[in-house]
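Everything on this sheet refers to the single structure shown next.
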Amino acid sequence: MSMEVHILGTSSARPTRKRQVSGSLIHCDDGIAVIDAGEGFQTRYAEQRKRLKNFEKGTTLRASRIHVVCLTHGHLDHTWGLLPWMHTMALDKRVTPLLLLGPTSKEVFDSLLLTNEIPASAPNAELARQMRIWQSLGATTEDLGYPVRWLLGDVAGDRWLELIPGQKPVEVKEMPQPHGWKKSRIHPVLTRHTVPSCGWMVESKGSPGKFNRLKAAELKLTDAQKSHLSSGKDLELEDGTSLKATDFRGKHRPSTRMVISGDTAEMAEGLTSLSDVDVLVHEATFLDDAQQWADEFLHCTSTGAARTAEACSARHLVLTHFSARLKDASVSLNEAIKETSSSDLSVTSASDGDRIIILENGKINHLFWSGDGWSS
């Protein structure tokens, strides 16, 4: 079991010559989750697929394997590429269901549930506005030809509302998971920004180590006895010998956790409440000398991202979402490394096209896109 994130945009607010705006994909055993889709997303997605075809045979990002889109908030550099890409998938005869998730405020949630109206006080970047506009422009099951579900979450209150075209929204018991996913789950992570926001964690279940069939065969155990031990139950043989189920299992494989923060101030409550995170992809919009701007706009510095990563016991931090004014991300990286000099946390900075892989053995590789392939 491995997990991989493809980072398709590392700029904040607006694209630069080398960096596009936010958009990532997390590839796990069950399928693919898209985290944000800023303008131009479908072009960047197609480019990454072409790179894989040319330089990484056997690794694909087929659209049919994309089961869910998780939006971190409603700013257009994170959302405005979604609708064109959805229509492109319709032209490509997609049939796989698509789940779309995003955060809203308690006030908007309550208003939609009671009156089916978005309050005038809601910000322009409120996701409920965009979802309804997208539905009016054909982002529905009937118009697209494949099943789509739109859900808004009051993440702090753990409440979820389904937006159904032409009907009053319906509250659901819990946030649905992508269709067919069994080994992995998606969790919203409360963050702190100028509009309702959340990060997203994809967590793959841990698993017991591989059952030692050779050892069982040497003891001439029956199929029933093997099944008993394999289920985790100790076994006592007729001659009084006791066999421990743990002795027939290899090393336990812990769960794998990949987290993408979206836009947020440092030390966001949802992020710092996590533990044992393998990889945290965290925004680092500003350098330390612009801390006042980070505080004002509820963004983060590279050292703030490092402090957040340490608070959630992350093993590896990936910096992204750099200000267009930042010409060289190595400055941001050096500030974060200095902040983590006394810890075991490793830090890298991302460029468009990079891949970060958590291998089955737990090792983490950051593969950097160079224009003619990836290198670690």
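The values are calculated or read from the model by the stated rules, or taken from the named source; none is laboratory data. Model, not experiment: these values are computed from the prediction. Positions of Cβ are backbone-derived with ideal geometry, glycine not excepted, and every protein chain shown enters the neighbour counts.
Taking the numbered list (1) in a helix (DSSP H, G or I); (2) under 30 Å from Phe322 (Cα atoms) in turn, Gln225 passes all entries but (2). Across region 338-356, the number of residues qualifying as in a strand (DSSP E or B) and of a type in the set (S, T, N, Q) comes to 3.
Of the numbered criteria (1) out of contact with any Ser or Thr (no Cβ under 9 Å at 6 or more places or on another chain); (2) in the same structural domain as Leu127 (by TED's automatic domain parsing); (3) surrounded by fewer than 17 Cβ atoms within 10 Å (Cβ to Cβ); (4) of a type in the set (Lys, Arg), the one Lys220 fails is (2). Screening region 82-101 for residues that are in contact with a helix residue (DSSP H, G or I) (Cβ under 8 Å, 6 or more places away or on another chain) and touching a residue at least 60 places away in the same chain (Cβ under 8 Å) and picking the one that is nearest to Pro147 (Cα to Cα) gives Thr96. Within region 304-327, the residues that satisfy the criterion of being surrounded by fewer than 22 Cβ atoms within 10 Å (Cβ to Cβ) and either under 11 Å from Glu339 (Cβ atoms) or assigned by TED's automatic domain parsing to the domain that holds Pro196 (or both) are Arg307, Glu310. Mind listing whichever residues of region 75-98 are in contact with an Asp or Glu (Cβ under 6 Å, 6 or more places away or on another chain) and buried (at least 22 other Cβ atoms within 10 Å of the Cβ)? Answer for region 75-98, where residues must be in contact with an Asp or Glu (Cβ under 6 Å, 6 or more places away or on another chain) and buried (at least 22 other Cβ atoms within 10 Å of the Cβ): His78, Gly81.
In this structure, does Trp150 turn out to be farther than 30 Å from Trp369 by Cβ, aromatic (Phe, Trp, Tyr) and either outside any strand (DSSP E or B) or at pLDDT 95 or above (or both)? So Trp150 fits the description; yes. Of the residues Ser275, Ser261, which is of a type in the set (Ser, Thr, Tyr), surrounded by fewer than 17 Cβ atoms within 10 Å (Cβ to Cβ) and outside the structural domain of Gly9 (by TED's automatic domain parsing)? Result of the check over Ser275, Ser261: Ser275. Does Ile35 qualify as being part of a strand (DSSP E or B) and either touching a Gly at 6+ places or on another chain (Cβ under 8 Å) or closer than 16 Å to Gly74 by Cβ (or both)? The answer is yes for Ile35. Taken over region 5-62, the criterion of being charged (D, E, K, R), touching a residue at least 12 places away in the same chain (Cβ under 8 Å) and more than 17 Å from Leu99 (Cα to Cα) is satisfied by Arg14, Lys18, Arg19, Asp29, Glu39, Arg44, Glu47, Arg49, Arg51, Glu56. Ile133 falls short on exactly one of the conditions (1) without any contact (Cβ under 8 Å) to a residue 24 or more places away in the chain; (2) over 17 Å from Gly166 (Cα atoms), and that condition is (2). Restricting attention to region 130-163 and to residues that are exposed (fewer than 14 other Cβ atoms within 10 Å of the Cβ) and among the aliphatic types (A, V, I, L, M), the residue that is nearest to the chain's Cα centre (by Cα) turns out to be Ile133. Against the definition (at positive phi and over 18 Å from the mean Cα position of the chain (by Cα)), how does Gly262 come out, yes or no? Taking the combined requirement at face value, the residue does not satisfy it.
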